[in-house]
Every structure is written in structure tokens, then in C-alpha cells.
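**Student:** I have a structure here, written as C-alpha cells, and I will follow up with some questions on it.
Throughout, read-outs are computed from the coordinates displayed, never taken from laboratory work. Every value quoted in this text rests on a predicted model; they were computed, and no experiment measured them. Cβ atoms come from the backbone with ideal geometry, glycine included; neighbour counts cover every protein chain shown.
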Amino acid sequence: MFWDRKRSSGEIVQNPAPAVLMQTPQQDLHPVEYIVKSIDSYQKQLAENEVDSLMELKKVQDSFEDVIRNNEDLKAQVGNFNDVFVNVGRSADEFVSVKNEIVEKVEGAKEKMQSMRSSAEGVQDHFNDMEEIFAEFKVSVGKIERSMKQIVGIANQTNILALNASIEAARAGDQGKGFAVVAEEVRNLAEEIKKLVGEVGVYLQDAEKESDRLSTSMQESQKAMKLSNAEVDSAYDSFGEIIETAQGVDQVQQSIARAATEAGGELKIIERSLELVERDCGTLMEHISKASDLGTSKGVVFENIDNMLSQIMPILK
Amino acid sequence: MKQFYGASNTGVLSEAVKGLQAPKVIILMSNPKQFEQHVAELERLFPGVPSIGVVDMCYDRRVTEEGVGVTAYTEGVEASTDVIEKVSVMPAKYIGRVEKAIEKVNPGRNDTVCIDFCTGNDACVLTTISGLLTQKRVKLMGGTGDAGKVSCNGKVYQDACAFAMIRNMNGKVEVYKENIYRPMEANYRLVASKTDRSKYYIGELNGRPARDVYMNLLHIKEEDIATQTFRNPFGKINGTDMCIVSIKEVVGNGLACFRQVNDSDVLTILEIRDFMQIADETIANIRRDFNKISGVFAVNCLFRYLYFSQNHAMDDYLKKMNTLDNYCGFVGYGEHYNSQFVNQSMTCVVFE
């Protein structure tokens, strides 16, 4: 043993042997016992320090687990935001499709109005034609009236002629009797013509009256139609304004979509940053785990030291 | 080499050794009442043959609970046995015996195993001898026996560790550890403190009373702790490896275990897996390493035996393990695997 070796090497020690070496073997063990106890105490202290450092390491590990968890939550929230922005973009796109639908319908209405306007113009043309026809009708009626007056004049002359003829026939006696009959027939015919012309004149007057009424009615219709056309024009213009306004949705949609895309881009950057944080935390956690594992293997070393140290004193005694 | 196994349910040793011829080394597995008698009788029957003995149940395809069992190796074997005494205080004093036993078998590469039976202070014994065994390329498996007694070469010892160095002259040997547990999903990391290694006691985990921590994490009552260890023992983390620590009982605010726990040890709580599936994996691992197997000697923890038996699965487990040729062994109170002292495990040595 080493204290024996010390004693045997006494020969080369120049100074007298220290008092401790002159003591009994039992007394010699005291410093060894002291050293063993000291080592044991230091080993315990080391183990206590290890407990503290492992606990601290565990706290660090727990904290980083929290960081990773929070980071994951944040990432999920950012992901949700991203979804929201994507939805905003989609909604903005829907604006456009709604706008397109409106524009399409308004355009359809415009077309119908246009055809209505065309129809109204057609009707107006017809009214104009009818006015001309009425004018011509009146002229014709005037001519007829004039012709009828001439007919009445002719009939009157015929009547006078027939009367004169009757008188001449009466003067001729029996020889004029036959002629008198004819003259009478002519006179009757003239009267009959006059009577018929009179009736035609009444009909013509009625027709004129009806014609005037129709003309008045047509003029009122024309007025109404003009008013209606004006309203159609106004509606047509309004449709134009609607379409113009609806086109403004495009700009709004583009602005929203641009904002959503920009926000999405920013979120992607944040997501990438979070992923980097996650990766770094993961790496850090790996290191902490390795450090922690190393700490656990120290436990076996402590146990081995403890087991070996615990045997020294019993063996020495 | 050849592995022999014989057993007698009635404790008749002559019945257990029937057919055993020219053994090179004998392993006796006896019961508490007949241990001394069996040790002496074995020495009479096979005088001078190296032997070690332990008090424990033994098994091959089925368990012999109260009788006696014998495992022996014949042909192509070099063996040497001896004993380490005073293991509770100074196993290192007898390290010379271990050195001599190793020298005697002259280990080659991966062909020698040390099978040991210990009465206690197992971790200290393994710490003491593992450095030497590693240096000499000797594997180790063994376990803790019952009744505080072991035997070596016809003599009974208390407070001792009997060991046999066995060299397979015709092939390799390898040791295995079967763990039927895994860390719980929460993967708790519990730093032990206020421990008393002499009493296998844990005072605190993460700075809180160990009893409360275990109860709270598993949501159990105090009276359930001793049985809950079947399903949820502690795992002592050693880097990437793990050794199982069984809970014995509640002591004050702390927990007494079946294995030493030290200040700064990091523990986790384990949960049981499908042990039949694990057995399949163990068999597959062994089959991958060995084309031909002469024999397998194993120690199964008493807690595993109890748990398997409660689940009426012990016979099925042994039947499965016996698909490996010649699987036999004993039921121990703690298992040894190279330098590790573990609980609730199966460790075994496989001879080519």
C-alpha cells in the first residue's frame, strides 16, 4: 500500500521521518480517511450541483418547449390570417362576378330599351304617316265636297232643265206627253241625286268629325309617346351611369386583392421567420436534450464513483 | 458446447440431474428450505465440478416454483467459478478472485460470459467488476437471488456474489436485455434528490416529494403505488439507454425501490407494451445474431413473472422463448446486464 511504499522509501528521504509516519498503522489511516471523506463530500456536492444544473436545464427545456408551443400557436394564427386574406381576395373576386352580372343584366335592359325606343320610333313614324293620310283624307273630303256641290248644282240645273222640258212638253200637248214623262223622270232623278248627295255630305261630315277626333287622339298619343321616350332616354342614361358605377367595383376589387396579396406576402415572410425560429428552437432543443442526456449519463458515473469510494474505508479498516 | 437443463418440482436433486454427464460447470437453482442440502448433495454428486447456486424459481418451458433445477454446460466449455464476499461493504477486496477466474478461462473475442448471483448491493458489485470484465472482453448476465444466500463450489455464502466465467470454445456468446416498457408519451424527466442509496430510497423528484409526484402524474392513490409499478415502473435514463427501477413501497413522503437511485439521477415513468410482441422482437434479434444456438440462460424478474402469471401468459411466454433452442433460467429479484443492474427485465446469455 502507498503508506508502506512511503515507509520503504524512507531511505532516500534526507530529513527525519515526519511524526505521522512513526504512528501506528491505525493512526496512519486518519489522513486517508480524511481524504476519502473529503472526496465523498465533494462528490456529494458535485451531485447536488448536478441536480441544480439538471433542474435548471429542465427549466430551460420547459421554457423552450413553451417557446416552441407559442411559436406553433403563432404560426397557426398567422396561417389563419393568411386564410382570411385569401378569403378576402376571393370575396373581392366575387364582387367582380356580381358586378359583371349586374352589368350584363343592365346591358340586357339597355338593349331591351333600345329596341323599345326603336319600336316607339316605328310607332311615331306610323303616327306621322297617319297624320299625312289624315291630311290627304281631309283634302280628298274637300274635293269630294266640292264635287258634291257641283253635282248638286248640276242636279239643280238638270231639275230646271227637266222643269222647262215639262213646260215645253205640256205646250206640245199630246205629242209632248211622252217627253213630259221623261222630263219628270229626269227631274225626279235630279232630286234623287240631290238627296243622295245630301246624305253623302252628312256621312262625310261624320267622317270628318271622327277623323278630327282620331287626329286629336293621335296627337295626344304622340305627346304621351314623346314623354315616354324621354323617360326611356333618361332610364337609358341611368343604366349607363349604373354600368359606369359598377365598373368602379373593379378598382375596389383590385385594391382589395392587391392589399390582400401584399398582406399575404408579409404573412409569408412572418411565417418563414417563424419557421426559422422553430428550426432554431428545434436545434437548440436537440442540444439541450443532448446536454440533458449527457447529464443523465453523469448519474451513472456518480454512482460508480460512489460505489467505489464507499468501499475504501471498509477495506482500509 | 451443450446446455443441459433438468428440474424436479418436488425438490429431488437426483431427479433434476438425471442424464447429466461430465458437466464442466453447474448452475443450481434451489428453494429456500433445501438450498444448503442441495448444495451439499450437488457437490457429492459432481465433486470438483465448478458450480454456483442461487435460491429462486427456475424454468424451461414451465416454471418450477418450489423444487430444484439444474443448468449445466458440457463439452467445448472452459469454466471457472468463485465468489466475491462482503458485497454489502467491500466487493473490491475480492477483485483478485475475479481476475484469477478470468485468467483461468483465458477469454477470446466474444466467447466468454460471467454469470453471477448476488445477494444484494448489486449495483456496487457490478461497478466494481465491470471495468475488469470490459477490459477482458467478458460479457455479464446474472441476477439477485432470494434468501440472502448463494453458493459456490459446494459452499453456501451470505452477503456474497457467486460467479462463473464460462468460455464457449466452439463459438460466440452474447448477452441481451429485454425491456417490455417504454417511456410514457408525456416523456417525464424527473431529477432525483434527497436519495439514500443504502435504502434504495428516493426523497424528491424535481424538488417535490417523490410519492406525490408519482401519484399525481399517474392519478392514483397511495395504496395503489406498490402494484402500479407492474404497469408503470421508473426508467433511469443513462444517455440513450434506460434501466428499469421497480418501486417497492412508500416510505414517508418518498419511495423505496428495488434498485439504487442516486442524487442527480434522471428518471422517467414507463408504461407497459405488448410483451408478447417484445418477445418476438427479442427472438428476432437473437436469430439475426446466431445461426445456431446451443443454449440460452436467462433471468426473468419476479415482477414480470407475477405480471405474466396474472395475465395467464407465463406459459405462453416461455413456450415462445423456447422456440429458441434450450431456453432456461431463473426468476430473480433484480437483473444484471453487463455493467447495469436493472429491474423488471429479462436478461440472457446466448451460446452459439
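**Student:** With charges only on Cβ, +1 for K and R and -1 for D and E, what is the dipole size of chain A about its Cα centre, in debye, rounded to 20?
**Tutor:** Magnitude of the dipole: close to 140 debye.
**Student:** So which aspartates and glutamates can A:Lys58 reach, going by Cα to Cα under 14 Å and dropping same-chain residues fewer than 8 places off?
**Tutor:** Within reach: A:Glu50, A:Asp66, A:Glu286, A:Asp293, B:Asp265.
**Student:** What is the spin-label model distance, in nm, from A:Lys143 to A:Lys290 if the labels are put 7 Å beyond Cα along the C-beta direction?
**Tutor:** 12.1
**Student:** Kindly flag which residue pairs out of B:Lys86/B:Lys236; A:Lys317/B:Lys86; B:Lys104/B:Lys155; B:Lys93/B:Lys139; B:Lys136/B:Lys236 have an alpha-carbon separation exceeding 18 Å in this structure.
**Tutor:** B:Lys86/B:Lys236; B:Lys104/B:Lys155; B:Lys93/B:Lys139; B:Lys136/B:Lys236
**Student:** I would also like to ask the following. Would you please give the FRET efficiency between B:Lys18 and B:Lys155, computed as 1/(1 + (r/R0)^6) with r the Cβ-Cβ distance and R0 = 30 Å, to the nearest 0.05?
**Tutor:** 0.75
**Student:** Under 19 Å Cα-Cα from A:Lys149, which aspartates and glutamates qualify once same-chain neighbours fewer than 8 residues away are excluded?
**Tutor:** A:Glu191, A:Glu192, A:Glu199, A:Asp206, A:Glu208
**Student:** May I pose another question? Where does chain A land at 222 nm, in deg cm²/dmol rounded to the nearest 500, when only DSSP H runs of n ≥ 4 count, each adding -39500 (n - 2.57), divided by all residues?
**Tutor:** It comes out at -35500 deg cm²/dmol, rounded to the nearest 500.
**Student:** So, one more: How much net charge surrounds A:Phe127 when only other residues with a Cβ under 13 Å from its Cβ are counted (Lys, Arg +1; Asp, Glu -1)?
**Tutor:** Around A:Phe127, the charge tally is -4.
**Student:** Angle between the Cα long axis of helix A:25-171 and the longest principal axis of chain A, 0 to 90 degrees, nearest 10?
**Tutor:** Its long axis makes an angle of about 0 degrees.
**Student:** Could you state the number of Å between the C-alpha centres of segment A:148-219 and segment B:296-344?
**Tutor:** 151
**Student:** Sort B:Leu133, A:Leu284 by Cβ crowding within 10 Å, fewest neighbours at the top.
**Tutor:** A:Leu284, B:Leu133
**Student:** Tell me, how many Å apart are the Cα centres for segment A:57-104 and for segment B:153-205?
**Tutor:** The two parts, judged by their Cα centres, are 53 Å apart.
**Student:** Starting from the Cα of B:Lys248, draw a straight line to each of the aspartates and glutamates and keep only those under 15 Å, dropping any in the same chain fewer than 8 residues away.
**Tutor:** Excluding near neighbours in sequence, the set is B:Asp196, B:Glu222, B:Glu223, B:Asp224.
**Student:** What number comes out for the charge environment of B:Glu352, summing +1 per Lys or Arg and -1 per Asp or Glu over other residues with Cβ under 14 Å away?
**Tutor:** Net charge around B:Glu352: +3.
**Student:** A further question on this structure: How long is the gain from A:Gln205 to A:Ser119 if the chain were fully straight, where each residue apart is worth 0.36 nm and the alpha carbon distance is subtracted?
**Tutor:** 27.5 nm
**Student:** Let me ask another. Take the alpha carbon gyration tensor of chain B, find the square roots of its eigenvalues, order them as a ≥ b ≥ c, and report rounded if a/c is under 1.5; if not, report prolate when a/b exceeds b/c, else oblate.
**Tutor:** Prolate.
**Student:** Evaluate the relative contact order of segment B:103-151 (contact order divided by residue number), counting alpha-carbon pairs under 8 angstrom at least 6 apart; express in whole percent.
**Tutor:** This gives 53 percent for segment B:103-151.
**Student:** Let me know the charge dipole size of the protein assembly as shown about its Cα centre in debye, to the nearest 20, where only the beta-carbon of Lys, Arg (+1) and Asp, Glu (-1) is charged.
**Tutor:** About 3940 debye.
**Student:** If packing is taken as the mean number of other Cβ atoms within 10 Å per residue, what is the order of A:157-164, B:33-40, highest first?
**Tutor:** Ranking the peptides A:157-164, B:33-40 by packing returns B:33-40, A:157-164.
**Student:** Further, regarding this structure: Given Cβ point charges of +1 (Lys, Arg) and -1 (Asp, Glu) and nothing else, what value in debye, to the nearest 20, does the dipole of segment B:181-272 about its Cα centre take?
**Tutor:** The calculated dipole for segment B:181-272 is roughly 140 debye.
**Student:** Shape verdict for the protein assembly as shown, please, from the Cα gyration tensor: rounded (a/c under 1.5), prolate (a/b greater than b/c) or oblate.
**Tutor:** Here the protein assembly as shown falls in the prolate category.
**Student:** Stretched out fully, how many nm does the piece from A:Glu101 to A:Glu244 gain, at 0.36 nm a residue minus the Cα gap?
**Tutor:** Here the answer is 50.1 nm.
**Student:** Still on this model: Which FRET efficiency value, to the nearest 0.05, do you get for B:Arg208 and A:Glu278 by plugging their Cβ-Cβ distance into 1/(1 + (r/R0)^6) with R0 = 30 Å?
**Tutor:** Computed FRET efficiency for B:Arg208 and A:Glu278: 0.45.
**Student:** Here's a follow-up. Classify segment B:181-272 as rounded, prolate or oblate from the Cα gyration tensor: take a ≥ b ≥ c as the square roots of its eigenvalues, call it rounded if a/c is under 1.5, otherwise prolate when a/b beats b/c and oblate if not.
**Tutor:** rounded
**Student:** Here is a further query. Largest first, please: the extent of the C-alpha atoms of chain A along each principal axis, to the nearest Å.
**Tutor:** 219, 29, 20
**Student:** Under a plain spin-label model, where a point goes 7 Å from the Cα along Cα-to-Cβ, how far apart in nm are B:Arg44 and B:Ile95?
**Tutor:** 4.1
**Student:** List the cysteines of the protein assembly as shown that have no other Cys Cβ closer than 4.7 Å: which are they?
**Tutor:** Taking the Cβ cut-off of 4.7 Å, the unpaired cysteines of the protein assembly as shown are A:Cys281, B:Cys58, B:Cys114, B:Cys124, B:Cys152, B:Cys243, B:Cys257, B:Cys301, B:Cys328, B:Cys348.
**Student:** By how many degrees, between 0 and 90 and to the nearest 10, does the Cα long axis of helix A:177-316 differ from the longest principal axis of chain A?
**Tutor:** 0
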